[in-house]
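Worksheet for the structure shown next.
The values are calculated or read from the model by the stated rules, or taken from the named source; none is laboratory data. Keep in mind it's a predicted model, so treat the numbers as computed, not measured. No Cβ is skipped: glycine too gets one built from the backbone with ideal geometry, and neighbour counts run over all protein chains shown. Note: accessible area is taken over every heavy atom of the protein model, side chains too, but ligands, DNA and RNA are not part of it. Shrake-Rupley method; radii C 1.70, N 1.55, O 1.52, S 1.80 Å.
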Amino acid sequence: MTQTSLDITALDAPVSLLGESPLWHPVEQQLYWTDIPGKSLHRHDPRTGQHQAWPMETEVGSLAPMRNGGLLLARRDGLWHFDPDTARQHALAAAPYDPSRERFNDGKCDPQGRFWTGTLYEPRDAALAALYCYDREHGLRRMAGDITAGNGLGWSPDGRTLYYSDTKAHTIYAQDFDAATGQPGARRVLAQFPLKQPDQDLDSYGGRPDGAAVDAEGTYWCAMFEGQRLLRLSPQGQVLREIQLPVRCATMPCFGGADLKTLYITTSREKRPAAELATQPLAGRVLSLRVDTPGLAANSFG
């Protein structure tokens, strides 16, 4: 089912170059996101309209709430604890890669409180990125490889299936997940999309899977970068719903609001053609729309 007439609005907040990793904080009831090339972290209270931004020393790929307060930030130079009240940060784990060629990207906590994050291999000419897991007991562990742009992390409502995508490969994967040990099983393809051809017009290109979120019914909502759409997939990978968006490059959805029925979607305007931006003034803004099925609350680290 394709829908184009939904009431999609933009938050009254600053425009990002590349907005990513929206997070509805389960305690604060406020929305966070990162502007990766803008090297800034943002927080917005939809009830009051109040907005805060914190400049960062380097790119923040993703973030998660921490049970003992503050946020866990996946920065280019490693994992950090950040206190929004004081803006103080301290390092948790060093980057396990060469930061001149790779950085942390999408990340979330599993239901047991372990933080998972994929990396982006910036030359994008080989599948040299990886999926990592961090917890207090084991530190930072490499859990999977053969990835170029790790994205789309999420878990099924019962916590027994792990999802992630490789944006460069246009593929979403699913793996059985052992909640007790955090060990994923064999990787299988959930959905795969046609690669963009060299001279293909963007209007005929469906996009590639970027960030994602899972709802209470176990369906997987995925932003299709350059495809100007948001997809809702069944646990078997079937497209259940397609929502046309007013921007070419959506990057990631998350569920928020008191009832978790507001879908927030970060978007990008970085390196987009001037003609495209002239017709898409909402590029770089955080979009929102209401949905019928609530999402899963964000898991916290610890």
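Only residues in the range 178-199 that are in contact (Cβ under 8 Å) with a residue 12 or more places away in the chain and assigned to a strand (DSSP E or B) count as the first member; pair them with residues that are open to solvent by less than 70 Å² (accessible area, probe 1.4 Å) and aromatic (Phe, Trp, Tyr), Cβ under 7 angstrom, at least 6 apart or cross-chain, and list the lot.
Pro184/Phe177; Arg187/Tyr173; Arg188/Tyr173; Val189/Tyr173; Leu190/Tyr163; Leu190/Tyr173
Within the range 7-25, which residues are assigned to a loop (DSSP other than H, G, I, E, B) and open to solvent by 50 Å² or more (accessible area, probe 1.4 Å)?
Initial filter on the range 7-25 (assigned to a loop (DSSP other than H, G, I, E, B)): 7-8, 11-17, 25.
Residues satisfying the conditions are Asp7, Asp12, Pro14, Val15, Leu17.
Within the range 26-47, track down each residue that is polar (S, T, N, Q) and open to solvent by 40 Å² or more (accessible area, probe 1.4 Å).
Going through the range 26-47, the residues polar (S, T, N, Q) turn out to be 29-30, 34, 40.
Listed by number, the list holds a single entry, Gln29.
Among the residues of the range 209-225, is there at least one that is under 21 Å from Leu282 (Cβ atoms), loosely packed, with under 15 Cβ neighbours inside 10 Å and free of Cβ contacts under 8 Å to residues at least 40 places away in the same chain?
no
Applying the selection to the range 232-254, what residues are in contact with a Lys or Arg (Cβ under 7 Å, 6 or more places away or on another chain), in a strand (DSSP E or B) and not β-branched (Val, Ile, Thr)?
Those that are in contact with a Lys or Arg (Cβ under 7 Å, 6 or more places away or on another chain), in a strand (DSSP E or B) and not β-branched (Val, Ile, Thr): Arg232, Leu240, Arg241, Glu242, Gln244.
Mind listing whichever residues of the range 103-134 are open to solvent by 20 Å² or more (accessible area, probe 1.4 Å) and acidic (Asp, Glu)?
Residues satisfying the conditions are Glu122, Asp125.
Please enumerate the residues belonging to the range 238-261 that are open to solvent by 20 Å² or more (accessible area, probe 1.4 Å) and either within 19 Å of Pro26 (Cβ to Cβ) or of a type outside the set (A, V, I, L, M, F, W, C) (or both). Can you show your working first?
As a first pass, look at the range 238-261 and keep what is open to solvent by 20 Å² or more (accessible area, probe 1.4 Å): 238-242, 244, 246, 248, 258-261.
Gln238, Arg241, Glu242, Gln244, Pro246, Arg248, Ala258, Asp259, Leu260, Lys261, listed by residue number.
Determine whether the range 266-275 contains at least one residue that is in contact with a Ser or Thr (Cβ under 8 Å, 6 or more places away or on another chain) and open to solvent by 60 Å² or more (accessible area, probe 1.4 Å).
Residues of the range 266-275 in contact with a Ser or Thr (Cβ under 8 Å, 6 or more places away or on another chain): 266-269.
This time we only want the ones that are open to solvent by 60 Å² or more (accessible area, probe 1.4 Å), so: 269.
Checking the range 266-275: at least one residue is in contact with a Ser or Thr (Cβ under 8 Å, 6 or more places away or on another chain) and open to solvent by 60 Å² or more (accessible area, probe 1.4 Å).
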